[in-house]
Amino acid sequence: MTEALTALTDGLPDDDDGARRTFWGDAWRILRGRWLFWASLFIIVTFVGMALFPGLYVWPSPGPDDPSGLYCFLGDARLPPSSEHWFGTDVQGCDYYAQVTHGARVSLIVAMFATLISVVVGVVLGGLAGYYGGFLDSLISRITDGFFALPYLVGAIIVLSALTTQAGREIWHVTVAIGFLGWPSVVRLYRSTVLQVKGLEYVQAAKALGASDARIIFRHILPNAIAPTLVFTTIGIGGVISVEATLSFLGIGLPIDSISWGIMVSEAGTRIQQSPHLLLFPGIYLVLASLGFVVMGEQLREAFDPRFR
């Protein structure tokens, strides 16, 4: 247990069994008693499992991975939901439940890796700015302000245009574009947290004992300033899922042959009156996945923030 967690729990009473209470332990006690935490955790685990192991939810997989043709018959195009096809069929007569289920993989891959890029860049730059201050802090802050002044969609179009080759857009193009534009918020959040943590007594004591900057940052500051960033990461994944769907809906996101919720929503827009199920089911999955991560982030925020206890 790091020094900061010990400092945060100074003065807290012990548990009934005499065990020492900790910051993370108190957060867990709060979370495990909230039904919203368990509900959001169930949603997240369900969709992550759907992305990692779609075969557990539906078999066989749609499209080229379905050599039997069991799920695709052109004569069954755009059938409404039924006992044979729970979500109906798409314009090619493929089982829509299989399509929507497999769409979780691309949507969550883009969301998680784009958020990871934003968090890594934001933590590095925010940590350097908050710890060293001075000219480096001013430089990073001004660059961050410049990114905030750039409209998100305009920035996405610029980045995607720069990355796209003659072969067209790929999944990693969209992932990098979203992640590249999401780090400024992490910089501001992590910088402010580092500024608070580096003034605490145990950090000053480490400096007085001659600890190197690298040891202070990775041993003392990073573990104890990361909680707000974890909250942002969880909420950010939910937001990125919606951003990817928006970009795909506008025609500047994932390639058209991808199986993702955003592509499905985009393609269903022109057929909503004739076949509303084409929009309904990927829309429900999209909303539930985003909501699960956002609610989880809110629960973590309230558990980590002493003001909500």
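Rank by packing, highest mean first: peptides 139-151, 223-235, 117-129, 88-100, with packing defined as the count of other Cβ atoms within 10 Å averaged across residues. Intermediate results must be reported in sequence, preceding the final value.
Numbers: 139-151: 13.4, 223-235: 19.8, 117-129: 21.4, 88-100: 23.2.
Ranking the peptides 139-151, 223-235, 117-129, 88-100 by packing returns 88-100, 117-129, 223-235, 139-151.
Using +1 at the Cβ of each Lys and Arg and -1 at the Cβ of each Asp and Glu in segment 146-298, identify which of Val203, Ile252, Thr234 lies farthest towards the dipole's positive end.
Val203
Taking the dipole about the Cα centre of segment 21-308, with the C-beta of Lys and Arg at +1 and of Asp and Glu at -1, give me whichever of Val194, Leu108, Trp35 is farthest to the positive side.
Farthest along the dipole direction, towards plus: Val194.
For segment 185-246 and segment 122-166, what is the centre-to-centre distance using only Cα atoms, to the nearest Å?
Cα centroid to Cα centroid, the span is 17 Å.
Could you grab the Rg to Rh ratio for segment 151-253? Cα atoms only, Kirkwood for Rh.
We get a ratio of 1.17 for segment 151-253.
Under a 5 Å amide H to amide H cut-off, with H placed in plane at 1.01 Å, what residues pair with Thr89 once short-range neighbours are removed?
The answer is Arg78, Leu79, Tyr96.
Can you give the local net charge around Glu84? Use residues other than it whose beta-carbon is closer than 11 angstrom to its beta-carbon, Lys and Arg +1, Asp and Glu -1.
Taking every other residue near Glu84 into account, the sum is -2.
In nm, give the distance between the simple-model label positions of Val287 and Ile158, each being 7 Å from the Cα along the Cα-to-Cβ direction.
It is 3.5 nm.
Every number here is computed from the coordinates shown, using simple stated rules; none is lab data. All values reported here derive from a predicted model rather than from experimental measurement. Positions of Cβ are generated from backbone atoms using ideal geometry, with glycine treated the same way; all protein chains shown enter the neighbour counts.
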